[in-house]
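As structure tokens, the structure follows; a few thoughts come after it.
The values are calculated or read from the model by the stated rules, or taken from the named source; none is laboratory data. Quick caveat: nothing in here was measured; it's all calculated off a predicted structure. FYI the Cβ positions are ideal-geometry reconstructions off the backbone, even for glycines, and counts take in every protein chain you see. Each accessible area value is taken on the protein alone, full model and side chains, heavy atoms only, with ligands, DNA and RNA left out. Shrake-Rupley method; radii C 1.70, N 1.55, O 1.52, S 1.80 Å.
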There are 2 protein chains.
Amino acid sequence: MTRKPASARRQDLVEAGLRVIAREGMHGATVRAIVAEAGVPLATFHYIFASRDEMIGEAYAYIAEVPGTGAALPDGATLEDVVRASFLRWFERFLEHPEYELAIMEVMAYCSRTPSLAHLPGKVQEHYLEALGELLEHVRSELGIAAPAVPTRDVARLVLHATDGLTYAWLRTRDSDASLRWIDAVVPMLAAALGDER
Amino acid sequence: MTRKPASARRQDLVEAGLRVIAREGMHGATVRAIVAEAGVPLATFHYIFASRDEMIGEAYAYIAEVPGTGAALPDGATLEDVVRASFLRWFERFLEHPEYELAIMEVMAYCSRTPSLAHLPGKVQEHYLEALGELLEHVRSELGIAAPAVPTRDVARLVLHATDGLTYAWLRTRDSDASLRWIDAVVPMLAAALGDER
DNA sequence: GGCCGTCTTGGACAGGCGTCCGAGATGCAG
DNA sequence: CTGCATCTCGGACGCCTGTCCAAGACGGCC
């Protein structure tokens, strides 16, 4: 096998692990399945990771690194249009790989249950909030909205609640129409919070 | 061991299973852990269920049987007040046993991954919608709101999206303040949809 | 009282699991 | 070229998993 530094093997295994979890779920993500996916011998796994849990934690943290959906805003769009467009774009991305979102949900549940990983879901949320916050700030400055009375971070939390609701409900029903109606319903509220109207 | 009809043992095991999943997560819900919780010998399990998966499915369906939160409305309350009060009551119940909500999430993910159980999440959602629909109809008739242009079922779906968002986000962060702010933000929208204002 | 459907139960089975050991290969630093 | 830190990897360890069998105990009905 081609010789690689441990850091590179680490990333290979984390990515392979995420692929396996997305395909088979947490239940099927055994050490043997993961090394098979990565194409490395079994013993490599525990040369890199002290335990399977350590790898799961690494994988969950890895998810948070994925950048948000930076959008190019059309000129003359209202705030609500921009929010709706961004939300819809996120939803399209979601629909391309819904099994990944299910995987993330499973990993977060597993981490919640595992004492050594229980702090991670909060940290991942923190990353989400930061990335989303930047996007929202960008939108605000682009549209010339100043001196917000609702802090950006609070608006980001609302947006996250909205996407979380869509995620959970969609994964149960696979009903995209209902999701679109949900988007139609929440977007005005989110835009209002972002635009600071009362 | 006291002799019981299979149907009674079935319910005992389902309830024990749910307790174990709530306490240890899906990962720790082994057949042996479940029979220990129920206080029956191992072999009883496969006298009752053909497989562990069959029991998991039964447990997930069992969840949907739990009745919704029927509320006594104070006189002279506005529609928004009633919606907010109901939502808050649900949230209080949620806070009493959040680990159960996490368990439900894990079971739903597991079912999604298991071909023979993949149809269940949709069915459970259907039960939720029905129960919630009845509650909403009750509120509507109580407040004398007639001829809805937005079908009750659609409003119920919106409410479900809102509670799902709260559930998912809370389980990551355990941030009840953020949840309350979310409730404050969505309730007017939900009330508007229920009250049929545009 | 004897029968028979229903329920109980100890024990075993094969297979999969996470983890670990120790010997060998590799390739840069001196 | 030698030395040493780094990486590779076959194979095994003990434990736990879901599932099953076959023998026994119960208890209502003829």
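Go through A:E37, A:E15, A:E24 for me and flag whichever is near DNA strand C (Cβ under 10 Å from one of its atoms) and open to solvent by 30 Å² or more (accessible area, probe 1.4 Å).
On the way: A:E37 fails: near DNA strand C (Cβ under 10 Å from one of its atoms); A:E15 fails: near DNA strand C (Cβ under 10 Å from one of its atoms).
Being near DNA strand C (Cβ under 10 Å from one of its atoms) and open to solvent by 30 Å² or more (accessible area, probe 1.4 Å) holds for just one of A:E37, A:E15, A:E24, which is A:E24.
Looking only at the range B:145-167, decide whether some residue is among the β-branched types (V, I, T), more than 8 Å from chain A (Cβ to nearest Cβ) and over 17 Å from A:W182 (Cβ atoms).
At the first step, the residues of the range B:145-167 found to be among the β-branched types (V, I, T) are B:145, B:150, B:152, B:155, B:159, B:163, B:167.
Those still in the list that are more than 8 Å from chain A (Cβ to nearest Cβ) too: B:145, B:150, B:152, B:155, B:159.
Of the ones still in play, those that are also over 17 Å from A:W182 (Cβ atoms) are B:145.
Taking every residue of the range B:145-167 in turn, at least one turns out to be among the β-branched types (V, I, T), more than 8 Å from chain A (Cβ to nearest Cβ) and over 17 Å from A:W182 (Cβ atoms).
Kindly indicate the residue of the range B:75-123 that is more than 14 Å from every other protein chain (Cβ to nearest Cβ) and part of a loop (DSSP other than H, G, I, E, B) and also nearest to A:P121 (Cα to Cα) among those meeting that condition.
The residue in question is B:H97.
Checking B:L136 against (1) more than 14 Å from every other protein chain (Cβ to nearest Cβ); (2) open to solvent by 50 Å² or more (accessible area, probe 1.4 Å), which test does it fail?
(2)
If only one of A:Y62, A:Y47 is at pLDDT 95 or above, of a type in the set (S, T, Y) and either open to solvent by less than 40 Å² (accessible area, probe 1.4 Å) or more than 16 Å from DNA strand C (Cβ to nearest atom) (or both), which one is it?
Details: A:Y47 fails: either open to solvent by less than 40 Å² (accessible area, probe 1.4 Å) or more than 16 Å from DNA strand C (Cβ to nearest atom) (or both).
Sole residue among the options that is at pLDDT 95 or above, of a type in the set (S, T, Y) and either open to solvent by less than 40 Å² (accessible area, probe 1.4 Å) or more than 16 Å from DNA strand C (Cβ to nearest atom) (or both): A:Y62.
For the range A:12-50, which positions are of a type in the set (S, T, N, Q) and within 14 Å of chain B (Cβ to nearest Cβ)? Reasoning before the result, please.
Pass one, the range A:12-50, residues of a type in the set (S, T, N, Q): A:30, A:44.
Passing the criteria: only A:T30.
Restricting the search to the range B:21-43, which residues are more than 9 Å from DNA strand D (Cβ to nearest atom) and farther than 20 Å from A:M108 by Cβ?
If the condition is that a residue be more than 9 Å from DNA strand D (Cβ to nearest atom) and farther than 20 Å from A:M108 by Cβ, then B:A36, B:E37, B:A38, B:G39, B:V40 are the ones that fit.
Which ones in the range B:1-12 are polar (S, T, N, Q), within 10 Å of DNA strand C (Cβ to nearest atom) and in a helix (DSSP H, G or I)? Walk me through how you get there before you give the answer.
First, pick out the residues of the range B:1-12 that are polar (S, T, N, Q): B:2, B:7, B:11.
Retained after the next criterion (residues that are within 10 Å of DNA strand C (Cβ to nearest atom)): B:2, B:7.
The answer is B:S7, and nothing else.
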